[in-house]
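Some notes on the structure that comes next.
The values are calculated or read from the model by the stated rules, or taken from the named source; none is laboratory data. A quick note: this is a predicted structure, and the numbers were derived from the prediction, not measured. Note that each Cβ is placed from the backbone with ideal geometry, even for glycine, and that neighbours are counted across all protein chains shown. Please note that ligands, DNA and RNA were not included when accessible areas were found on the heavy atoms of the full protein model with its side chains. Shrake-Rupley method; radii C 1.70, N 1.55, O 1.52, S 1.80 Å.
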Amino acid sequence: MFLRGDVIEDGSGICRRVIWVNRQMRLLATVNLADETEWPELFDDTEAHELYVTGTWTVTQGETTIFPNEEDIPPEHREQRDKAWAMVGEMFQERLPALFRKKERTRLICEAAAWHSTTKVTIRKHVLRAFQRGMTANALLPDWGRCGAPGAERPSRAGTPKRGRPVAEGHPEGTNVLPEVRKMMLIAADEYERNNKLTFDGAYRHFVRLFFAPTYEELKAKIANDVPLDAFADCGLPTYQQFSYWVRKDRTAIDAQRKRVAPRIFEMGNRQLLSSSNKDTWGPGGRFQIDATILDVYVRSRFDRHVLVGRPTLYVVIDTFSRMIVGIYLGLEHPSWVAAMMAVANASASKVEFCKKYGIDISPEEWPCRHVPGVLLGDNGEMKAAGVDHWLHRLTVMVDNAAAYRADWKGVVERRFGLLQAVFKAFVPGFVECDFKGRGVRDYRLDAVLDIDDVTRIILRQVLYYNNCHELTKYRRHPGLTQDNVPSVPRELWNWGISRLSGEPRKMDERVVRFALMPTETASVHRYGIYFHGNYYTCKYAEVNDWFVKAKEKRFDVKISFDKRNAEEIFVHIKALKAGFEVAVLTRACSDRAGMDHFEVEALMRADALASANRRTGQVIARAMMEDEVKAVVAHAQADFGAGPQVSDREQTRATRQNRAEEMAAERKREALEFSEPLVATAARSQGALAVEATIPHGVPEPRTVEAARHASPSLRQIRARSTGGLNDSLG
């Protein structure tokens, strides 16, 4: 039941360790762990079993004492151990269990002391130590390592001799660094850690200038440190070596470096590397990494070689397990999801057809990658801003994002940029040089001769070399690679991983992948078409199913995918169709925006909105002035109406048709005069008064009487007034 090394806790809270067990004698011995001066206690096995069964003893498995290897023990320690074990070793090997009984133990200790010509105290000390530490020779190793309080500081005190090596003859004696001086050194160290432009030498000079310069008395009121400045006049100031020693002792170089740079910079360049990217993948196609960089080369326009168009963007998609470059994109798009989705789509496309576009003929075995990954690792840029989780969900691809400013989390793909550019640096004109704008240095941009297609051909050649020939010297190899004699070349790793680890990765139709990668938004169906980003679109399915007729009664939304580089068409999600979508094109009303992209359409809409906003103030003021004029006309009419004779409501509404006919007759005469007046005036100026008379039709007044005729034509009000007046006269 009881084993050597078990720890027993009795009812009083004392812990004892079992140091000896004899099954034949049914005995066991224990020693008190809390008191190293107490002798072992011997128990009968029956008694110990009864104490355990009744619950008085609680037994737990103890830890075996671990001693250092023999070769790690210093010779003087081994000599001391062997000497002590020679005195008491025989008792532990041949005199058990007698050594556990007090009388016999006393006799054995006396005999050993006499035999080895030493004292009983020495023998007793060795026996007690052996009991406590395991009853072996190594239990008697000396504890000299504990002597002298190792690790404890011994601060210097004023007036004591200087510590350390003696100074050269003729040099100042030097001084000990007192605790208060060490505090001053840490103040200078704080300045060094806060100011990354300050060198360590500069921090020492700052320390001297701050506390030991003649202006110290002025600073004394501000700094609560009492430095006996006179004491340093003869012996000298603390040296740079002392400053460096004590600062490095109180503040390690790693702590200072952590404070002098941003945490993300320290973690990226100085962190410990205890793992590998391969631990996160199960084989080829398990995890792809994607990232972008701006190439260090200027390119020219494909349409005019004399026009510089800047530096292109390169996206690279790489397989984590094999380090195989599985997809690329090279273009003038800035790093964004628009460019990233081209690289992801390229990873699932046929590389034979892709290379053929640029005049490069390859076999499928040279670039066998046209697969969809299980996990796509990007950064916190376009992969997060675009919300691609929802888009890639249709491809059953999980999206991971590295932490911000932690490019080292995607070290596999980051390193490829350096490899690709290092090759063509010496051969490609227009490469970015570090001495740009230096005096007498030629502008390297003027040396550029390649267009975007030329650079793409160069990148493709380098990718093919890298995938098929480049050997990875620091690749953490799987044991099976060595057994199968497979070199650390990306294509070989890819093929071996497919055949031995993960199997063939998933393949999908390139069109399905491209559709899934497009941004997805909601468009609104109007009577005029499918409205999205200021444009109206139509498709055959919508027209056949009367979408736009239904939208007259109530608008509704549809889900669409789109490519921001092409505003001429969108892709409407229609589950009833086999493909799952239908292409919608611009309506005739929006045909003037053909050839634009969504960026240009958005720019036009912003410009129109800005112009409208700038005109809004003027429109509001003009509207207010117009309303004031309307009110003035109404007020004038009300005044005229109130000034006339009072007529009953019955009289006002009676004979409305007759009144309308009379008013219309008078209005026709007036309008005829207004229509003919410009013609009459023109004829009068060109032919004279006589010709004017000949041209006037029958029934039209003479020119000199036009104004008179206009006033002679009675209005409805005058007619009504006359009739009312006659009626009143007759009544009177």
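Residues to consider are D361, D319; find the one that is open to solvent by 40 Å² or more (accessible area, probe 1.4 Å) and of a type outside the set (S, T, Y). Unique residue meeting the criteria: D361. Within the stretch 314-329, the set of residues being in contact with a Gly (Cβ under 6 Å, 6 or more places away or on another chain) and within 20 Å of D296 (Cα to Cα) comprises just one member, V317.
If you go through the stretch 316-363 and keep only what is assigned to a strand (DSSP E or B), farther than 25 Å from R477 by Cβ and touching a Leu at 6+ places or on another chain (Cβ under 8 Å), you end up with I328, Y329, L330. Sub-7 Å Cβ pairs linking a first residue in the stretch 488-511 that is within 17 Å of V375 (Cβ to Cβ) to a second residue that is crowded, with 19+ Cβ neighbours inside 10 Å and aromatic (F, W, Y), at least 6 apart or interchain, are G497/F321, ordered by first then second residue.
Within this structure, V326 fails the test of being over 22 Å from T396 (Cβ atoms), at pLDDT 85 or above and not small (G, A, S).
Among residues that are basic (K, R) and under 30 Å from Y531 (Cα atoms), R670 is not included.
Scanning the stretch 74-90 for residues that are open to solvent by 50 Å² or more (accessible area, probe 1.4 Å), over 60 Å from the mean Cα position of the chain (by Cα) and of a type in the set (K, R) returns a single hit, K83.
Can you confirm whether the stretch 550-565 contains a residue that is touching a residue at least 24 places away in the same chain (Cβ under 8 Å) and in contact with a Cys (Cβ under 9 Å, 6 or more places away or on another chain)? No: zero hits. Figure legend. Inter-residue proximity from the stretch 123-143: first residues over 19 Å from V18 (Cα atoms), second residues of a type in the set (S, T, N, Q) and part of a helix (DSSP H, G or I), beta-carbon distance below 7 Å, spacing 6+ or different chains. Indicated pairs: P142/Q80.
Assess whether C590 counts as being under 30 Å from M508 (Cβ atoms), hydrophobic (A, V, I, L, M, F, W, C) and open to solvent by less than 50 Å² (accessible area, probe 1.4 Å). No, not satisfied. In summary, strands (runs of 3 or more DSSP E) completely within the stretch 544-605 and bearing 3 or more residues that are touching a helix residue (DSSP H, G or I) at 6+ places or on another chain (Cβ under 9 Å) occur at 556-561, 581-586. When the stretch 534-562 is examined, which residues are found to be open to solvent by less than 50 Å² (accessible area, probe 1.4 Å) and within 43 Å of the chain's Cα centre (by Cα)? Result: G534, N535, Y537, T538, C539, A542, W547, A551, V558, I560, S561, F562. Comparison of S488, S524 shows that the only residue that is within 19 Å of I318 (Cα to Cα) and open to solvent by less than 60 Å² (accessible area, probe 1.4 Å) is S488. Looking across E504, E492, one residue alone is of a type in the set (D, E) and not in a helix (DSSP H, G or I). It is E504. Residue count for the stretch 448-485 satisfying the condition of being without any contact (Cβ under 8 Å) to a residue 40 or more places away in the chain and open to solvent by less than 40 Å² (accessible area, probe 1.4 Å): 2.
Residue count for the stretch 63-73 under the criterion of being among the aliphatic types (A, V, I, L, M) and open to solvent by 20 Å² or more (accessible area, probe 1.4 Å): the result is 1.
Give just the number: which of (1) at pLDDT 85 or above; (2) touching a Gly at 6+ places or on another chain (Cβ under 7 Å); (3) open to solvent by 10 Å² or more (accessible area, probe 1.4 Å) does P335 not satisfy? All conditions are met except number (1). Please determine whether any residue of the stretch 501-521 is open to solvent by 30 Å² or more (accessible area, probe 1.4 Å), in contact with a Pro (Cβ under 7 Å, 6 or more places away or on another chain), more than 30 Å from K575 (Cα to Cα) and modelled with pLDDT of 90 or more. Within the stretch 501-521, none of the residues are open to solvent by 30 Å² or more (accessible area, probe 1.4 Å), in contact with a Pro (Cβ under 7 Å, 6 or more places away or on another chain), more than 30 Å from K575 (Cα to Cα) and modelled with pLDDT of 90 or more. Just give me the residues in the stretch 91-105 being without any contact (Cβ under 8 Å) to a residue 40 or more places away in the chain and outside any helix (DSSP H, G or I), in sequence order. R95 - this is the single residue of the stretch 91-105 that is without any contact (Cβ under 8 Å) to a residue 40 or more places away in the chain and outside any helix (DSSP H, G or I).
Each row is one residue, and each column tells you yes or no for (1) in contact with a strand residue (DSSP E or B) (Cβ under 7 Å, 6 or more places away or on another chain); (2) more than 30 Å from F303 (Cβ to Cβ); (3) hydrophobic (A, V, I, L, M, F, W, C).
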site	(1), (2), (3)
A448	yes, no, yes
T456	yes, no, no
Y465	no, yes, no
L472	no, yes, yes
E510	no, no, no
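Residue-wise test of (1) in contact with a helix residue (DSSP H, G or I) (Cβ under 6 Å, 6 or more places away or on another chain); (2) at pLDDT below 85.
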residue: T64; (1), (2): no, yes
residue: F67; (1), (2): yes, yes
residue: Q80; (1), (2): no, no
residue: W85; (1), (2): yes, no
residue: E90; (1), (2): no, no
residue: W115; (1), (2): no, no
residue: K120; (1), (2): yes, no
residue: L141; (1), (2): yes, no
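The requirement of being open to solvent by 70 Å² or more (accessible area, probe 1.4 Å), assigned to a loop (DSSP other than H, G, I, E, B) and among the basic types (K, R) is satisfied by R163.
Every test in (1) open to solvent by 100 Å² or more (accessible area, probe 1.4 Å); (2) under 59 Å from the mean Cα position of the chain (by Cα); (3) more than 30 Å from G145 (Cβ to Cβ) is passed by E9 save one, and that test is (1).
Among the residues of the stretch 280-309, write down those that are in a strand (DSSP E or B) and open to solvent by less than 50 Å² (accessible area, probe 1.4 Å).
If the condition is that a residue be in a strand (DSSP E or B) and open to solvent by less than 50 Å² (accessible area, probe 1.4 Å), then R287, F288, Q289, I290, D291, A292, T293, V297, V299, R300 are the ones that fit.
Against the conditions (1) open to solvent by 80 Å² or more (accessible area, probe 1.4 Å); (2) in contact (Cβ under 8 Å) with a residue 60 or more places away in the chain, A34 satisfies every one except (2). Evaluate the stretch 152-159: report whether one residue or more is at pLDDT below 80, assigned to a loop (DSSP other than H, G, I, E, B) and among the acidic types (D, E). Yes, that holds for at least one residue.
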